[in-house]
Amino acid sequence: SMASMDGQAHQHSAQLTTADIAGRIPTFCDNQAMTSMYSPGDCAHGVGHAVMFLSKYDIPAGISLCERFPSYALRYYCATGAYMEYRLVRTPTDYPVHGGLYPCDSAPYPAACFRYVMTNTLRWLDSNGGKLETLERQCATLKGKYRLGCFHGIGNALVGKIALGQLTVANACGFGSRDDQTVCVEGAMERLGKFTPTVAAERCAPLTDWRREVCQAAASRKMYDMTKSFAMYQR
């Protein structure tokens with residue numbers, strides 16, 4: 001019948017799209033047309049949204065397409081787009097079943113995952129009268145890059161409260177080791193620096209010692225920086 005032929009044609013074109021994009025990914029974000037509009041990292045983030053959608057929200061499939069980018073930075077920023085897309089569609093129903101750290105506590109590029117999923121987790125925590133410290137303690141039970149990714153996600157999720165002055169950077173990111181605090185500050189201030197640099201500068205000012213330097217560096221680096229050190233994000 002015509003209807004089933006239509007269905008087949010649609011399926012076929014979807015497969016073609018995934019295969020087609022796979023071959024184009026390595027150079028997709030370094031052509032002139034793209035870089036005139038977006039930074040390479042921002043471009044990779046957009047590709048991440050597309051590959052997660054095309055992969056029908058299958059995380060390993062989506063992330064494997066991100067893996068085709070030639071540098072770790074582009075792979076990571078692609079993963080941020082993929083997980084943001086996943087979060088927009090999938091995670092609101094995940095908590096009751098899997099808990100607030102799912103799927104980031106075992107997924108590749110955990111910081112990229114927690115960066116977006118944690119916004120839902122914190123909203124859920126707030127509406128259920130939970131405490132930030134409960135979440136921080138959960139993050140601290142994870143190991144290595146999963147633990148650090150988790151704290152990075154907390155920073156990013158608290159950026160609104162930091163921007164409004166409801167929470168200081170020191171209070172938002174004061175839990176755990178120096179590394180935990182560093183990635184948390186980066187999570188908040190790369191975003192705040194991108195959208196409201198003057199507010200970011202004001203929020204960094206009261207910090208003392210090494211925290212101020214981390215805060216100012218993150219705010220001036222902003223999101224999608226290609227020279228950012230990912231040492232803490234991939235170990």
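The values are calculated or read from the model by the stated rules, or taken from the named source; none is laboratory data. Note that the structure is a prediction, hence the values are computed from the model and not measured. With ideal geometry, Cβ positions are generated from the backbone for all residues, glycine too; neighbour counts draw on all protein chains shown. Side chains are part of the model used for accessible areas, which takes the heavy atoms of the whole protein and leaves out ligands, DNA and RNA. Shrake-Rupley method; radii C 1.70, N 1.55, O 1.52, S 1.80 Å.
Residues in the range 19-47 that are among the small types (Gly, Ala, Ser) and closer than 16 Å to residue 80 by Cβ: 39, 41, 44, 46.
Within the range 181-235, the only residue that satisfies the criterion of being more than 17 Å from residue 162 (Cα to Cα), in a helix (DSSP H, G or I) and of a type in the set (Lys, Arg) is 221. Restricting attention to the range 197-215 and to residues that are touching a helix residue (DSSP H, G or I) at 6+ places or on another chain (Cβ under 6 Å) and under 20 Å from residue 41 (Cβ atoms), the residue that is surrounded by the fewest Cβ atoms within 10 Å (Cβ to Cβ) turns out to be 214.
In the range 97-127, of all residues being closer than 22 Å to residue 71 by Cα and aromatic (Phe, Trp, Tyr), the one that is modelled with the lowest pLDDT corresponds to 116. Scanning the range 50-73 for residues that are open to solvent by less than 40 Å² (accessible area, probe 1.4 Å) and either outside any loop (DSSP other than H, G, I, E, B) or basic (Lys, Arg) (or both) yields a count of 10.
Of the residues making up the range 135-180, those that are closer than 16 Å to residue 211 by Cα and not in a helix (DSSP H, G or I) number 7. Scan the range 95-110 and give yes if some residue there is of a type in the set (Val, Ile, Thr), assigned to a helix (DSSP H, G or I), open to solvent by 20 Å² or more (accessible area, probe 1.4 Å) and closer than 18 Å to residue 173 by Cβ, otherwise no. The answer is no; no qualifying residue exists. May I ask you to list the residues in the range 158-191 that are within 22 Å of residue 42 (Cβ to Cβ) and either of a type in the set (Asp, Glu) or open to solvent by 10 Å² or more (accessible area, probe 1.4 Å) (or both)? 159, 160, 163, 186, 190, 191 - these are the residues of the range 158-191 that are within 22 Å of residue 42 (Cβ to Cβ) and either of a type in the set (Asp, Glu) or open to solvent by 10 Å² or more (accessible area, probe 1.4 Å) (or both).
Determine whether residue 76 is aromatic (Phe, Trp, Tyr) and open to solvent by 40 Å² or more (accessible area, probe 1.4 Å). Talk me through it step by step, then tell me what you get.
Numbers: aromatic (Phe, Trp, Tyr): yes; open to solvent by 40 Å² or more (accessible area, probe 1.4 Å): no.
No, not satisfied.
Pairing residues of the range 114-138 that are more than 19 Å from residue 169 (Cα to Cα) and surrounded by 12 or more Cβ atoms within 10 Å (Cβ to Cβ) with residues that are among the β-branched types (Val, Ile, Thr) and at pLDDT below 85, at Cβ distances under 7 Å and at least 6 apart in sequence or on separate chains, gives 117/91; 120/91. When residue 141 is tested against the conditions (1) surrounded by fewer than 18 Cβ atoms within 10 Å (Cβ to Cβ); (2) touching a residue at least 24 places away in the same chain (Cβ under 8 Å), the lone failure is (2).
Checking each residue of the range 140-157 against the condition of being of a type in the set (A, V, I, L, M, F, W, C) and over 25 Å from residue 42 (Cα atoms) gives at least one match.
Within this structure, residue 43 fails the test of being assigned to a helix (DSSP H, G or I), hydrophobic (A, V, I, L, M, F, W, C), touching a His at 6+ places or on another chain (Cβ under 9 Å) and surrounded by 22 or more Cβ atoms within 10 Å (Cβ to Cβ).
Every condition in (1) over 19 Å from residue 125 (Cβ atoms); (2) at pLDDT 95 or above; (3) within 14 Å of the chain's Cα centre (by Cα) holds for residue 188 except the one numbered (1).
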